[in-house]
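In what follows, a single structure is set out as structure tokens and then discussed.
None of the figures in this text is laboratory data; all of them are computed from the coordinates on show. Here the structure is a predicted model, which is why all the values come from computation and not from measurement. Virtual Cβ from ideal backbone geometry, glycine too; neighbours counted across all protein chains shown.
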Amino acid sequence: MFCRRLLRPCLLILLWAAAVAAQPAPVDSTAPRPLEKRWLFVWRDMSDPAEVDRMIARFPAAAAAGYNGVAFSYNIPADRAAALRQAAAEHHLDLVAIVMGGVRDRNYMEGVPVQDALFLAGQGQALFAADNPTQVLNRGFEEVEGNHFAGWTLQDDEGLTTFADHEVVHGGKTSLRMESVGRNQYRHCRLAQPLKLAPHRQYHISCWVRSENLAPADPEIKILTADSEHAISFQTVHTQASQDWTRWDLIFNSLENQDAMLYLGSWGGKEGKIWWDDLSIEEVGLVNVLRRPGCPVTVRGEDGTLFEEGRDYAPVIDPLLHPWRGYHQAPPIQLTPETRIREGQRLRVSFYHSLIVYEDRVTHCLSEPRIFADWRAEVQHADSLFHPAAFLMSHDELRVVNQCALCRSRNLTPGQLLAWNVHQSAQIIRDLRPDAEVWVWSDMFDPQHNAVDRYYAVNGSLAGSWEGLDPGIGMVNWHGGLQGKNCQFFADRGLKQILSGYYDSDEDGAAIAEWLANTRTVPGIVGAMYTTWEDRYGAMEVWARKAWGPPVP
């Protein structure tokens, strides 16, 4: 009896101990997680053999830090392919080709429409004539009382950060000087006034700017909607901290707007000085006119007569076409000897032009068949030279979408158009390399990032772009600012993810460690990529240890 009474508690203790042993050990949220994809990102001009050699020279250190893949632009020189393949094999690095980032023909940029611009025929040509002249009041800053400039309905901090300068001028007797912007509680320093525009026309902004010890050196001229809630212009110009009088030239399209607000100044400034003078805004003609099937040019008389290219006027081209340079002298329309256009006749001309975002960002069309032919050639080129293990499609930061005639004719939202495009793009890779992995940047398919309404010059909503992704397409998620809040969205769609961190600021790896810790329970997080756009690799090893720990044999 005594032994049975002792045996029962002993058995219970043994069963409890076995159950405890069978439980999984507590998860250490600070320990690096095992990652299948440990990639290094290289963003340089790979058509330069020296850059290929610089990348190869980094392979030993990358391998020692545990990296097992390197992503770079597909367009390496053929005579460097063998060395690249050999070095990658020696250091056990998968090659990842970045493709589909643009087009070869400048005419295949996405074009925004100009509708019914006025041209006047005479002496064998038709020249642009602005029929809705845009007036900037007090554009030379000559009308001033004390430090108050007439005509400008908004002026921040008169006599504190904005001043009338009668000594440092470009033209006339007065310029606008801004200084010590940090004195403003919001670090803003602006002048603004309302502006009248003609809808769907191209405009040129010209201004002279001077700076002295300006920090940060990021002044801007902006055209906003009448309620100042949304941008109409998207181009910016680089300014030195200190520079003599320099002319700015920017281009924008009025889109559907007739009323707008003109702003100039600094947002988030701190110290130093900047001068403004001789500002003008004018409507312009065929600057950077695009010629491709989806961007037609039409010339009509005001009575509705449609004139024919080749019969009534020579082919319309801009010999100075350069989508990355916003402004130059617009070309005229040359009339033929057999033209039906009469001397002095008023013509209405519609066309499409490229649009710059920031200093040099342009977007290619999403619909033209030529685009896909170019992209197929890129994949074939990369495969023939170095047979990459994976391809990374460059569908990111597409800021001008669904504007050209071809895209609009499809009656799709921008989100549907992008969904179709990314599906077609992935199929190109699968047709040519069915064994290769397919990846894409996340931002244009993320409702918490760029897949939203009113994204730059996108005509419509990008919502639903993610419908073009299937589980065979992996996401390179680069929104580190959300620290993983957007990762569950892609996981719910069955998509793998690589967290694209560093971004030239995570020197100790703390950010990628936190990002990975926050997504520890999110399925499909299979990798991390050290992503530098500024060619900074000093933190490569430290960052790797925080991302995945010591090198994995």
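Among the residues of region 116-131, those that are touching an Asp or Glu at 6+ places or on another chain (Cβ under 9 Å) and of a type in the set (A, V, I, L, M, F, W, C) comprise ALA117, LEU118, ALA121, PHE128, ALA130.
Screening ARG399 on (1) touching a Phe, Trp or Tyr at 6+ places or on another chain (Cβ under 6 Å); (2) part of a strand (DSSP E or B); (3) closer than 30 Å to ALA198 by Cα shows it passes everything except condition (2).
The set of residues from region 260-318 being of a type in the set (Asp, Glu) and more than 26 Å from THR134 (Cα to Cα) comprises GLU271, GLU308, GLU309, ASP312. Taken over region 142-161, the residue count meeting the criterion of being within 20 Å of SER280 (Cα to Cα) and either of a type in the set (Val, Ile, Thr) or part of a loop (DSSP other than H, G, I, E, B) (or both) is 7. Determine whether ARG399 is surrounded by fewer than 18 Cβ atoms within 10 Å (Cβ to Cβ) and in contact with a strand residue (DSSP E or B) (Cβ under 7 Å, 6 or more places away or on another chain). No.
So how many residues does region 164-188 have that are of a type in the set (A, V, I, L, M, F, W, C) and over 17 Å from ALA150 (Cα atoms)?
First pass over region 164-188, keeping only residues of a type in the set (A, V, I, L, M, F, W, C): 164, 168-169, 176, 178, 181.
Subset that is over 17 Å from ALA150 (Cα atoms): 168-169, 181.
So the count comes out to 3.
Only residues that are part of a loop (DSSP other than H, G, I, E, B), hydrophobic (A, V, I, L, M, F, W, C) and surrounded by fewer than 17 Cβ atoms within 10 Å (Cβ to Cβ) were counted across region 299-353, and they come to 4. Would you mind stating whether TRP267 is among the aromatic types (Phe, Trp, Tyr) and closer than 27 Å to ILE371 by Cβ? It is false that TRP267 is among the aromatic types (Phe, Trp, Tyr) and closer than 27 Å to ILE371 by Cβ. Taking region 196-232 as the range and being crowded, with 22+ Cβ neighbours inside 10 Å and aromatic (Phe, Trp, Tyr) as the test, only TYR203 passes.
Can you go through HIS148, HIS170 and tell me which one is crowded, with 16+ Cβ neighbours inside 10 Å and touching an Asp or Glu at 6+ places or on another chain (Cβ under 8 Å)?
On the way: HIS148 fails: crowded, with 16+ Cβ neighbours inside 10 Å.
From the options HIS148, HIS170, the qualifying one is HIS170.
So for region 209-229 (the condition being free of Cβ contacts under 8 Å to residues at least 60 places away in the same chain, within 30 Å of GLU368 (Cα to Cα) and of a type in the set (Asp, Glu)), does at least one residue qualify? Checked against the condition, which is being free of Cβ contacts under 8 Å to residues at least 60 places away in the same chain, within 30 Å of GLU368 (Cα to Cα) and of a type in the set (Asp, Glu), region 209-229 yields no hits at all. Could you list, ordered by first residue, the pairs with Cβ atoms under 7 Å in which the first is in region 371-400 and β-branched (Val, Ile, Thr) and the second is not in a loop (DSSP other than H, G, I, E, B), at least 6 apart or interchain? Correct list of pairs: ILE371/TYR108; ILE371/HIS364; VAL379/VAL99; VAL379/PHE391; VAL379/ILE428; VAL379/ILE429; VAL379/LEU432; VAL400/VAL112. Restricting CYS189, CYS207 to residues that are closer than 29 Å to ALA330 by Cβ and in contact with a strand residue (DSSP E or B) (Cβ under 9 Å, 6 or more places away or on another chain) narrows the list to CYS207.
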